[in-house]
Protein chains: 2
Amino acid sequence: MAYNQKHFVERARIIKALGHPVRLFFIEELARQERCVCELTEMVGFDMSTVSKHLSVLKNAGLVIDDKRGNQVFYQLTTPCILNFFGCVEAVLNGDPATTNDAC
Amino acid sequence: MAYNQKHFVERARIIKALGHPVRLFFIEELARQERCVCELTEMVGFDMSTVSKHLSVLKNAGLVIDDKRGNQVFYQLTTPCILNFFGCVEAVLNGDPATTNDAC
DNA sequence: CACCTATTTGGCAATATCGCCAAATAGGTG
DNA sequence: CACCTATTTGGCGATATTGCCAAATAGGTG
C-alpha cells in the first residue's frame, strides 16, 4: 500500500480531535446527553474560552454539532459509533492482546 | 459524569498516538503485515530517524510491538480492533449521520 | 578488527497546541 | 437602551510536536 499523504491527513485530523483528555471527556459526556457550554465548563473546571475552543475543534472535525437556544449553545454528538472504539482503547490500556480482536 | 483528569489523560494518549498521518498509515499497513523500519521508511519517504520516532510513539502507546531479527527491527500491530474504528472515521468524513451508528 | 547496513538517540529550528485573559458578540430582561 | 449572562474570538506565553541532521549503537560479514 502506498502512502497517500492527503488521505491520511484528513483521517488523522478527525482522530487528533479525539486525542485530548478534555475533548475525549466531552465526547463521552455528549454520548449520554446534549450539554451547553456552561455545563461542560463547570464539569472540567477550565476557562470557558478554553472549553469553547475545544468544542470548536470537535465541531470542525464533524464529531459534534451545535444548536443555539436563547443565549445558550448546546452541543450534540453526531457520531455514536465512536463509542465502539473506546472498548479497544481499554484493551490497549490493559495490555490485553487477547481481547483486542473483539473489543468492538 | 465527573471529569477524572487522569483517566482521560491515559486514554487520550493512546488516541493521540493514532492522530498523525504517518502513524495512521503505519497502523493500517501493519494490519496487513509486519514491516521493518526500512520498508516503512521507503513507503512514506521521510528520514529513517523520523520514522523510528513515530514507531516509538506507537510502541509506547501499546499499539505495536517490535521484534529484532538480525540487524532489522520488525513492527507488528498488537490491536487489530483499532481497524473497526476506521469505518466510523470514514462515516464522519462523509458527513453521513445515518451510518455513524453502525459503522463498527 | 574494519566496514557496512539498520536502527535509535540527541539536539535543533519551525510549527502547532494549550489555557488564560481581555475584548467582542449575541440574546434576554427590565 | 442599560445591563446581565452565555459564548466566541484574538492574542500571548508556555509547552509539545515534527522532521531533519549528526552521532551513537548494534548486528553481520570479510
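Assorted remarks:
- Put simply, the Cα atoms of segment A:5-78 extend 41, 23, 22 Å along their principal axes, the longest span coming first.
- Ascending list, in nanometres, of distances separating the A:Gly45 label from those of the other copies (7 Å, Cα toward Cβ): 4.7
- Angle in degrees between helix B:5-18 and the longest Cα principal axis of chain B, rounded to the nearest 10: 60 degrees
- Label-point separation, B:Glu39 to A:Asp47 (7 Å along Cα→Cβ), nm: 4.9 nm
- Our helix-only sum for the protein assembly as shown, with -39,500 (n - 2.57) per DSSP H run of n ≥ 4 divided by its residues, gives a mean residue ellipticity at 222 nm of -17500 deg cm²/dmol.
- Computed from Cα atoms, the angle from the helix A:48-60 axis to the main principal axis of chain A rounds to 50 degrees.
- Tilt relative to chain A, helix A:82-93 - C-alpha long axis, 0 to 90 degrees, to 10: 60 degrees
- FRET efficiency, 1/(1 + (r/R0)^6) with R0 22 Å, evaluated for A:Ala31 and A:Lys68 via beta carbons: 0.55
- Residues of segment A:59-82 with an amide N closer than 19 Å to a point placed 7 Å from the Cα of B:Glu90 along the Cα-to-Cβ direction: A:62-63, A:79-82.
- Summed residue charge, Cβ within 12 Å of B:Met43's Cβ, Lys/Arg positive, Asp/Glu negative: -2
- Relative to the other identical copies, B:Asp67 shows label-point distances of 5.0 nm, where the label point lies 7 Å from Cα along the Cβ direction and values run shortest first.
- With 10 Å bins from 0: P(r) over the protein assembly as shown, alpha-carbon pairs, percent: 9, 34, 33, 17, 6, 1, 0
- ³J(HN,Hα), Karplus 6.51/-1.76/1.60, whole Hz, each residue of segment A:24-37, x for Gly, Pro: 5, 4, 4, 4, 5, 5, 5, 5, 7, 6, 5, 9, 8, 4
- Simple point charges give the picture: +1 on the Cβ of Lys and Arg, -1 on the Cβ of Asp and Glu, and for chain B a dipole about the Cα centre of about 500 debye.
- Charge tally in the Cβ shell below 13 Å around A:Phe74, where Lys, Arg are +1 and Asp, Glu are -1, A:Phe74 excluded: -1
- Formal net charge of residues neighbouring B:Leu24 (Cβ-Cβ distance under 11 Å; K, R +1; D, E -1): +1
- Farthest positive-ward along chain B dipole, Cα basis, beta-carbon charges - from B:Gly95, B:Leu40, B:Asn60: B:Asn60
The numbers here are math on the coordinates, done by the rules we state, and not lab data. Computed from a predicted model, the values in this text were never measured in an experiment. Note that each Cβ is placed from the backbone with ideal geometry, even for glycine, and that neighbours are counted across all protein chains shown.
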